[in-house]
1. So, of the residues in region 4-37 that are among the hydrophobic types (A, V, I, L, M, F, W, C) and farther than 29 Å from Thr74 by Cα, which turns out to be farthest from the chain's Cα centre (by Cα)?
2. Just need a number here: residues in region 71-91 that are touching a Phe, Trp or Tyr at 6+ places or on another chain (Cβ under 9 Å), away from the ligand (no atom under 14 Å from the Cβ) and touching a residue at least 60 places away in the same chain (Cβ under 8 Å).
3. How many residues does region 92-110 hold that are more than 9 Å from the ligand (Cβ to nearest atom), closer than 17 Å to Arg60 by Cβ and among the hydrophobic types (A, V, I, L, M, F, W, C)?
4. From the set of residues in region 26-50 that are touching a helix residue (DSSP H, G or I) at 6+ places or on another chain (Cβ under 9 Å) and at pLDDT 55 or above, which is most open to solvent (accessible area, probe 1.4 Å)?
5. So is Ile66 modelled with pLDDT of 95 or more, open to solvent by 60 Å² or more (accessible area, probe 1.4 Å), over 20 Å from Asn106 (Cβ atoms) and out of contact with any helix residue (DSSP H, G or I) (no Cβ under 6 Å at 6 or more places or on another chain) or not?
Amino acid sequence: MTAAVPPDAVQRWRKTLSRKGMDINQKLTDLLSRQNATLATIKLPNETEAHEPPERRLRRFLDQIIRAQRRLGTPDWGLCSTCRRPFERGALDDTPWIEECAACANPEVS
Ligand SMILES: [Zn+2]
């Protein structure tokens, strides 16, 4: 990104990312402790592949947040990972872990 990024915005994104990261981490911890308790006593039906298990979804989100934390402050920050167009500032403020613009994330819509 060539446009200057105000340091207070970077601070805010960093804070949002770390807060969300902790939130997801907590959810994952809760889920795993519940699973461990459940798996010991209850026999699960055949696992379906159709829906992504919550654990995997949480881990994927956590990975996404970590990647965003690494990206913050590098030239890749704020750019769509596919088309390299800069994100709207509002999108970054709301979801700083965003990786693709709407057009790339939903190609059939555009
Ligand atoms: Zn894109």
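1. Out of the qualifying residues, it is Ala37.
2. So the count comes out to 2.
3. 2
4. The extreme case among them is Lys27.
5. yes
The values are calculated or read from the model by the stated rules, or taken from the named source; none is laboratory data. This one's a predicted model, so the numbers in the text were calculated from it and none came from an experiment. FYI the Cβ positions are ideal-geometry reconstructions off the backbone, even for glycines, and counts take in every protein chain you see. These accessible areas exclude ligands, DNA and RNA; they are computed on the full protein's heavy atoms, side chains included. Shrake-Rupley method; radii C 1.70, N 1.55, O 1.52, S 1.80 Å.
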